[in-house]
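Worksheet for the structure shown next.
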Amino acid sequence: MPSKKAIYKIIALIVILAVVGFFVFFPAQLDKQTNRLHDSTLPVISEQARTLHSQLFIGDWHSDTLMWKRDLMDKHDYGHVDIPRLQQGNVALQMFTTVTKSPDGINYEANSTDASDNITKLALVSLWPTNTWGSLAERALFQASKALELADEFPEQVSLITSKSELSQFLKQREANPKLLGMLLGTEGSHALDGELSNIQSLFDSGFRMMSLQHFFDNKLGGSLHGESGEGLTEFGKEALQKMQSLGIMVDVSHSSEQVVKDVLAISNQPLLVSHTGFYGHCPSARNIPDDLMQQIAANKGLIAVGYWDGAVCEPNVTEIAKAIKYGIELVGSEHIALGSDYDGATSVPFDTSQLIYLTQALLDLGLSEQQIKQVMGGNMLQYLQLHLPD
């Protein structure tokens with residue numbers, strides 16, 4: 001019979017293995033359960049679609065992939081995005097957004113600023129650095145560091161774009177190397193500022209070139225579309241907006257209250273982005289702002305990026321996503337519509353980024369012209385960046 005000392009050692013070893021196993025396997029399991037592909041009828045791919053898709057310059061304004069503990073240089077059979085799948089889907093540009101705060105009991109109607117925060121829990125189980133546990137700015141910087149490391153380690157496959165000149169250089173390099181991916185960095189809400197204007201400069205210096213003002217909570221800048229106040233832009237929000245635009249940071253109003261959107265439209269000196277959304281007239285969801293606001297954004301030369309999940313398009317299948325895009329074209333013009341998947345944003349979608357050819361086919365099936373498809377799938381994003389990235 002083993003001694004008590006030996007039994008204690010065995011118990012300690014079991015506990016250690018259990019703890020190690022939890023931190024190794026639980027984050028991946030959580031990722032699998034949270035970022036899903038659901039069964040959906042996909043169209044038969046025609047030769048026209050194959051030829052067109054191979055010629056497209058594709059860009060996506062919104063993916064939360066950096067939040068997850070996933071090696072992006074490996075191809076995965078779960079989640080929605082990694083470098084091999086982006087290459088397989090012929091994606092040229094991907095905006096990676098950093099999530100810093102998300103409420104327990106998340107919904108599109110009303111979330112309290114006092115709600116328990118899911119990202120704190122994710123940071124703990126994913127073993128993020130301890131400075132991220134209490135600082136939302138550090139969470140954004142940590143997620144961004146993953147992209148910066150990829151660009152440093154794999155320059156033949158990944159290029160970080162922070163300026164017009166870097167974008168121009170990327171385009172030249174991609175002509176010779178079609179697998180090269182251009183990465184951009186953005187925030188999912190300005191909770192990442194931690195209430196300090198100085199953090200705008202800090203995030204800019206770390207490569208951030210798009211910032212959304214709100215996420216699911218109201219914050220110091222103003223009301224969220226899913227918060228409790230419905231308030232507009234605060235004085236701090238006005239100062240933040242001015243600072244962002246003075247640096248050349250593109251402003252995203254995808255989770256902002258209707259009043260915030262109106263206030264930003266009234267004072268912005270740059271066209272706005274809606275990085276992931278649907279259209280209320282196509283899908284009357286609490287996630288989507290009214291069509292007249294979308295028309296005002298477009299009238300001010302803004303860009304509206306359509307998502308792939310139920311909150312944006314109601315019925316998340318490839319045909320309805322294509323219908324949402326067509327609706328947007330008819331509402332505001334094809335030059336104002338883009339892609340904003342919300343991949344890996346705790347969403348369930350009908351196809352991952354490697355399967356974007358199905359969307360190309362669905363758009364053809366709805367009668368969109370090849371020129372309109374080229375604009376929506378990435379041409380408009382490229383043009384917007386060429387105009388609005390800093391020099």
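The values are calculated or read from the model by the stated rules, or taken from the named source; none is laboratory data. Computed from a predicted structure; not experimentally measured. Glycine also receives a Cβ, built like all others from the backbone with ideal geometry; neighbour counts cover every protein chain displayed.
Here are some notes:
- The stretch 365-391, subset of a type in the set (A, V, I, L, M) and in a helix (DSSP H, G or I), residue farthest from PRO271 (Cα to Cα): ILE373
- Single match in LYS146, LYS179 (criterion: of a type in the set (Lys, Arg) and either within 20 Å of GLY227 (Cβ to Cβ) or surrounded by 17 or more Cβ atoms within 10 Å (Cβ to Cβ) (or both)): LYS146
- Residue check for GLU228: part of a loop (DSSP other than H, G, I, E, B), at negative phi and surrounded by fewer than 22 Cβ atoms within 10 Å (Cβ to Cβ): yes
- Each residue in the stretch 119-138 was checked for being more than 15 Å from GLY207 (Cβ to Cβ) and touching a residue at least 40 places away in the same chain (Cβ under 8 Å), and 7 of them qualify.
- Summed over the stretch 154-165, residues that are out of contact with any helix residue (DSSP H, G or I) (no Cβ under 7 Å at 6 or more places or on another chain) and in contact (Cβ under 8 Å) with a residue 40 or more places away in the chain total 4.
- Residue under evaluation SER354, criteria (1) in contact with a Phe, Trp or Tyr (Cβ under 7 Å, 6 or more places away or on another chain); (2) surrounded by fewer than 20 Cβ atoms within 10 Å (Cβ to Cβ); (3) more than 30 Å from GLY248 (Cα to Cα), criterion not met: (1)
- Just one of the listed residues (GLU109, GLU196, GLU166, GLU138) is over 30 Å from PHE57 (Cβ atoms) and outside any loop (DSSP other than H, G, I, E, B), and it is GLU138.
- Verdict on GLY237 being at pLDDT 95 or above, buried (at least 19 other Cβ atoms within 10 Å of the Cβ) and over 16 Å from LEU339 (Cβ atoms): yes
- Hits in the stretch 75-106 (condition: assigned to a strand (DSSP E or B) and either over 17 Å from the mean Cα position of the chain (by Cα) or not assigned by TED's automatic domain parsing to the domain that holds MET377 (or both)): PRO103
- Enumerated helices (runs of 4 or more DSSP H) restricted to the stretch 246-347, each holding at least 3 residues that are touching a residue at least 12 places away in the same chain (Cβ under 8 Å) and within 22 Å of LYS374 (Cβ to Cβ): 291-299, 318-332
- Residue identified as assigned to a helix (DSSP H, G or I) and closer than 21 Å to GLU196 by Cα among ALA151, ALA144: ALA144
- Selection within the stretch 84-106 - out of contact with any Gly (no Cβ under 8 Å at 6 or more places or on another chain) and under 20 Å from THR187 (Cα atoms): SER102, PRO103, ASP104, ILE106
- Positions within the stretch 169-193 being assigned to a helix (DSSP H, G or I) and under 18 Å from the mean Cα position of the chain (by Cα), in sequence order: SER190, HIS191, ALA192, LEU193
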